[in-house]
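J.: Below is a structure I'd like to ask you about.
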Amino acid sequence: MTKRSVPETRSELDRPDAVFDLAAELFQILSAPMRLKIISCLRDGEQNVSYMLSKIDTTQPNMSQHLNMLYKAGVLGRRREGVQILYRIVDERVAALCRAVCSQVETKSGR
């Protein structure tokens with residue numbers, strides 16, 4: 001009786017635990033609809049808070065709280081120009097993930 005050889009394939013579970021930990025942290029950051037909207041708003045480039053408030057229905061304190069979290073998580077960068085603070089996406093992987101997930105959800109829900 002000959003033993004059948006099974007081709008070696010890399011399993012998703014062969015990844016280091018740190019990869020799963022980082023992915024979970026990223027999904028936690030993206031778990032708030034407001035943060036997904038902010039990332040979507042910034043996909044076309046750097047914007048100030050006033051512009052984002054004109055596109056996203058929320059209060060200024062709520063927007064600032066979410067922007068601060070995204071900034072501290074390393075997703076967004078910011079710079080001051082006069083009295084304005086401009087935000088931009090610095091981790092393009094997050095923008096791509098946001099776009100992919102939202103597109104899949106939209107396609108699946110038929111909206």
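Coordinate-derived values only; no laboratory data. For clarity, every value in this text was computed on a predicted model and none was experimentally measured. We place every Cβ from the backbone using ideal geometry, glycine too, and count neighbours over all the protein chains shown.
J.: Quick one: what are the phi-derived ³J(HN,Hα) couplings along segment 29-40, Karplus 6.51/-1.76/1.60 with θ = phi - 60°, whole Hz, x for glycine and proline?
T.: Each residue of segment 29-40 in turn: 4, 8, 6, 9, x, 4, 5, 5, 5, 4, 4, 4 Hz.
J.: Any idea what log10 I(q)/I(0) is at q = 0.20, 0.22, 0.25 Å⁻¹ for segment 19-85, Debye with uniform C-alpha scatterers and no solvent?
T.: Each listed q maps to, in turn, -0.81, -0.96, -1.20.
J.: Now a separate question. With the crude spin-label approximation of a point 7 Å out along Cα→Cβ, what separation in nm comes out for ILE56 versus LEU86?
T.: With each label placed 7 Å out from Cα toward Cβ, I get 1.9 nm.
J.: So for the pair ASP21, SER64, with labels modelled 7 Å out along Cα→Cβ, what separation do we get in nm?
T.: 3.4
J.: For the chain, what does the relative contact order come out to in percent, with C-alpha contacts under 8 Å and a separation of six or more? Please list the in-between numbers first.
T.: Working: 80 pairs, mean separation 27.1, N = 111.
This gives 24 percent for the chain.
J.: Along the Cα-to-Cβ line of VAL105, 7 Å from the Cα, sits a label point; which residues in segment 34-76 have backbone N less than 11 Å from it?
T.: Answer for segment 34-76: 34-37.
J.: Please determine, in degrees from 0 to 90 and to the nearest 10, the orientation of helix 92-109 with respect to the longest principal axis defined by the Cα atoms of the chain, where the helix direction is its Cα long axis.
T.: Once rounded, the angle reads 80 degrees.
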